[in-house]
1. What about Asp232, is it in the same structural domain as Ile75 (by TED's automatic domain parsing), assigned to a helix (DSSP H, G or I) and more than 30 Å from Arg42 (Cβ to Cβ)?
2. Please determine whether any residue of region 217-229 is in contact with a helix residue (DSSP H, G or I) (Cβ under 8 Å, 6 or more places away or on another chain) and polar (S, T, N, Q).
3. Out of region 57-90, which residues are surrounded by fewer than 21 Cβ atoms within 10 Å (Cβ to Cβ), part of a loop (DSSP other than H, G, I, E, B) and of a type in the set (D, E, K, R)?
4. Can you run down the residue pairs with Cβ atoms below 8 Å, 6 or more apart or on separate chains, where the first is in region 321-332 and farther than 15 Å from Ala299 by Cβ and charged (D, E, K, R) and the partner is at pLDDT 95 or above and assigned to a helix (DSSP H, G or I)?
5. Take the residues in region 23-55 that are assigned to a helix (DSSP H, G or I) and of a type in the set (Gly, Ala, Ser); name whichever of them is modelled with the lowest pLDDT.
6. Given (1) surrounded by 15 or more Cβ atoms within 10 Å (Cβ to Cβ); (2) within 30 Å of Asn286 (Cα to Cα), where does Ala379 come up short, assuming only one miss?
7. In region 107-146, how many residues are in contact (Cβ under 8 Å) with a residue 60 or more places away in the chain and part of a loop (DSSP other than H, G, I, E, B)?
8. Quick one: in region 143-164, of everything that is within 12 Å of Lys176 (Cβ to Cβ) and of a type in the set (A, V, I, L, M, F, W, C), which residue is surrounded by the most Cβ atoms within 10 Å (Cβ to Cβ)?
Amino acid sequence: MLQIYNTLQRQKEVFQPIVPKKVSIYVCGMTVYDFCHIGHARVMIVFDMVVRWLRASGYEVNYVRNITDIDDKIIKRAVENQESIATLTQRFIDAMHEDGDALGVRRPDHEPRATHFIPHMQKMISGLMEKNLAYQAGSGDVMYSVRDFPPYGKLSGKSLDDLEEGNRVIIAGDKKDPLDFVLWKGAKEGEPEDTRWKSNWGEGRPGWHIECSAMACELLGTHFDIHGGGADLQFPHHENEIAQSEGISRVFDEQGQSSDPRFVNYWMHNGHVRVHNEKMSKSLGNFFIIRDVLAKYDAEVIRFFILRAHYRSPVNYSDATLDEAAQGLERLYIALTDHDASQPAEVTATWVNTFNAAMNDDFNTPEAIAVLFGLATEANKARQQNDQQGYHALSSTLRYLGGHLGLLERSTQQFLQSGDVGMTSIEIEALIGERAQAKKNKDFTRSDAIRQELLAKGIVLEDQAGGMTTWRKD
């Protein structure tokens, strides 16, 4: 039975979907004005893992991950580049897809772009104004009236009084209260035409928070199962989403008391990626672009690095931790060296049950990966003992369970030979053939020279029984 840690309730809860065997899930996606970094990779990989496991568990999943393609950072970058918003954002959407595909992240069922849902946002804002939860400030911006939504703070655990202590500044003629946040931003003089839309409140664009409320409610309904994102979105973004989405659904009884129908049943937040124990972020300048890391490490190594930590825990990024992940993943692949994929797969129920128990405990991938290492150890023992039937069952189970995490889907040789070594496989095999002939001619000087030549390029030769030589990337 699947249990999920619900940020809203601050505890693990048995997962019970609104509609039996169907799951609706919304994840806050990327703001597309630059290349994605490893922090973004964690969000993509974590919720790809969640969706994979839900589907493997027999659920029909409707997965939505949005794209923010209009905001202040996007406008600033487009103006700097002297290009249109559409050109800028499409370039980085394409780059995001390339990175996600490389990391084995399956595309969501829906990937809505904020600019395609402006009418839905305007309709929601109008509804909030009718409920007296929003007002147009003197600046022209439309603001959400936080104090008129009493449950505000229930996700983050912050009280209105505590929040006010940290936010005393009120801009004259603008906000009624320092806690109020923007729903619609009035257009500023000099901003490009493609950054503004007509509305009842004048030309402008949506605030960030209203984007997700409108897209989620339009695609999944006003009440759905799971909402996910990075821990940094818990407040204020997700708190504001609740205020907007539950506020517009508010119903008053005869005594004037309101009920706020629940927007989302389970809130999930993945932990930060840290560098030297500091949060990785663009504002701190300590972030690593996914494609730069992919130039140095195999994509599956990055995925393994992310998944070997529990999704709610912080992970510390460094070359050392990625090297360690590479060694661990190689150990699992080595256990699959003699696996014959052409034979019917066999799985061992005991290992499967232990793996399932780990994943059903709030997607505990560290424990699930420990099961993979246990299988690898036993598979290696069976191979050493020439127990072919036992080895096949264990290696089949290892590959089957790894697949649930998007791991171990290549052959051992494909994994060991992955990455750019500055030579084609044909050129490497030609040198291996030349070395074999040199050994046959007892020209050991040439044989050793070829080995050293390849080693200098990061290619390790391994001589097997029977005279066969295989190679792998160092």
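1. Spelling it out, it is not the case that Asp232 is in the same structural domain as Ile75 (by TED's automatic domain parsing), assigned to a helix (DSSP H, G or I) and more than 30 Å from Arg42 (Cβ to Cβ).
2. Taking every residue of region 217-229 in turn, at least one turns out to be in contact with a helix residue (DSSP H, G or I) (Cβ under 8 Å, 6 or more places away or on another chain) and polar (S, T, N, Q).
3. Asp71, Glu83
4. What qualifies is Arg331/Phe373; Arg331/Ala376.
5. Ranking the candidates gives Gly39 first.
6. (2)
7. 7
8. Once the filter is applied, the top-ranked residue is Val146.
The values are calculated or read from the model by the stated rules, or taken from the named source; none is laboratory data. Bear in mind the structure is a predicted one, so any value in this text is a computation, not a measurement. Virtual Cβ from ideal backbone geometry, glycine too; neighbours counted across all protein chains shown.
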